[in-house]
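Read the structure below first, then the notes.
The values are calculated or read from the model by the stated rules, or taken from the named source; none is laboratory data. Note that the structure is predicted; figures quoted are calculated from it, not measured. Cβ sites come from the backbone with ideal geometry, for glycine too, and all protein chains shown count toward neighbours. With ligands, DNA and RNA removed, areas are computed over all heavy atoms of the protein, side chains included. Shrake-Rupley method; radii C 1.70, N 1.55, O 1.52, S 1.80 Å.
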Amino acid sequence: VDLGVEWYFDEGAMLGLGLFYKDIESFIQNTRFVQPYSASGLPASLLDGTGASVSDDFTFTAPLNTPGGELTGLEANYTQPFTFLPGKFANLGVQMNYTYVDSQIQYLTSTGANSFKTDLTGLSKHSWNATLYYEGERFSGRVSATNRDDYLLQVPGTEAGFDAHGQTGTTTVDASVRWKLNENLELSLEGINLTDEVQESWVTNSAGQLPLDYSETGRQYLLGLRYKF
């Protein structure tokens, strides 16, 4: 069920609000479990040349159809070109949106028994992004910020003895500029992850939240040249 309202209060400008409710009848959940290879039902010939034996423990991944659950939320959008400003400032504009989602999904263990009832994997409860742009005849540019809350990757957790495996939320800033040198030639420069945001994942159990891994990709810069014949 979706309900949306939009107000176009000026040329190219819009303020919108959307409410939604979704009843997920069944969610396909990936489970991970450790067992001897001999218990998997797979042929022993698959291990030929690997140095492993059928008595060795392996980590298996299998999909399960869960009972699903409910998901509700809202989304707000705002778009505004600043045509009311004087001179070159009239080429400025802004785009913003915010989303809130609450979900309760029933997860299962690898045996099919009920496990935890919690958020949908891959879904942040709060997320937003905002873009400030300039669109001129010869020059254009934009700066964008994107934010999302922590979110779950695996329920139950991929590591034995842990309730869930999740990812820490991030806020990233990207920017790009384009300069039209003439009718055929265009120069561009893009910067990705300008704040050098890191990625951190974690696991939870009765002792609380514990770090699992940490990765840092660094900033990326791309210089481009485009020619149209």
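Please report Rg over Rh for the stretch 180-229, where both radii come from the alpha carbon positions and Rh follows the Kirkwood definition. Spell out each step's value before the answer.
Details: Rg = 20.3 Å, Rh = 14.5 Å.
Here the Rg-to-Rh quotient is 1.40.
Normalised radius of gyration for the stretch 138-229, please: alpha carbon Rg relative to 2.2 N^0.38 Å, two decimal places. Present the calculation step by step, with values, prior to reporting the outcome.
Values: Rg = 19.9 Å, N = 92, 2.2 N^0.38 = 12.3 Å.
In units of the globular-protein estimate, the stretch 138-229 measures up at 1.62.
Enumerate by residue number the GluC sites (Glu not before Pro) in the stretch 127-171 meeting two conditions: DSSP loop (anything except H, G, I, E, B), and at most 16 other Cβ atoms within 10 Å of the site's Cβ. Mind showing how you got there, number by number?
Details: sites: E135, E137, E159; in loops: E137, E159.
Loop-located and lightly packed - E137, E159.
7 Å from Cα along Cα→Cβ at both L74 and M14: what's the point-to-point distance in nm?
1.9
Based on a Kirkwood Rh over C-alpha pairs, give the Stokes-Einstein translational diffusion coefficient of the chain at 10 °C and viscosity 1.306 mPa s in µm²/s.
72
Would you mind counting up the charge near G73? Only other residues with Cβ under 11 Å from its Cβ, with Lys and Arg at +1 and Asp and Glu at -1.
Values: positive: K22, K125; negative: D2, E70, E75, D102.
My count for the surroundings of G73 gives -2.
Within the accessible area of the chain, what % is carbon and sulfur when the probe is 1.4 Å and the other protein chains stay in place? Could you put the intermediate results ahead of the total?
Numbers: 7990 of 14320 Å².
That share works out to 56 percent.
With +1 on the Cβ of every Lys and Arg and -1 on the Cβ of every Asp and Glu, and nothing else charged, how large is the dipole of the stretch 12-88 about its Cα centre, in debye rounded to the nearest 20?
Details: 3 positive and 7 negative charges, 91 e Å.
With only Lys, Arg, Asp and Glu charged at Cβ, the dipole is about 440 debye.
Once all Cα-Cα distances of the stretch 1-117 are split into 5 Å bins that start at 0, what whole-number percent is in each one?
2, 9, 12, 10, 9, 8, 8, 7, 7, 7, 6, 5, 4, 3, 1, 0
Run down the aspartates and glutamates and flag those whose C-alpha is under 18 Å from the C-alpha of K228, throwing out any fewer than 8 positions away in its chain.
Those aspartates and glutamates meeting the cut-off are E137, E183, E186.
Report the one residue of L212, F139, P36 whose Cα lies farthest in the direction of the positive end of the charge dipole of the chain (charges on C-beta: Lys and Arg +1, Asp and Glu -1; origin at the Cα centre).
Checking the options against the dipole of the chain, the answer is F139.
Per residue, how many Å² of accessible area does the chain show with a 1.4 Å probe? List each step's numbers first, then the result.
Numbers: 14320 Å² over 229 residues.
Accessible surface, normalised per residue, equals 63 Å².
Where is the GNM fluctuation largest for the chain (alpha-carbon springs, 10 angstrom cutoff): N97, N193, N114?
N114
For the chain, what is the charge dipole size about the Cα centre, in debye to the nearest 20, if Lys and Arg each add +1 at the Cβ and Asp and Glu each add -1 at the Cβ? Spell out each step's value before the answer.
Numbers: 13 positive and 28 negative charges, 124 e Å.
The dipole magnitude comes to about 600 debye.
Normalised by the empirical 2.2 N^0.38 Å for globular proteins, what value does the Cα Rg of the stretch 37-102 take?
Details: Rg = 28.5 Å, N = 66, 2.2 N^0.38 = 10.8 Å.
After normalising by residue count via 2.2 N^0.38 Å, the value is 2.63.
Explain nothing, just the number: relative contact order of the chain, from Cα pairs under 8 Å at least 6 residues apart, as a whole percent. Mind dumping the intermediate values first?
Numbers: 562 pairs, mean separation 29.0, N = 229.
Once divided by the residue count of the chain, the mean separation gives 13 percent.
Please report, in whole Å, how far the alpha carbons of the stretch 6-47 spread along each principal axis, starting with the longest.
69, 23, 14
Please report the accessible area of V5 (heavy atoms, 1.4 Å probe, ligands and nucleic acids excluded) in Å², nearest 10.
It works out to around 90 Å².
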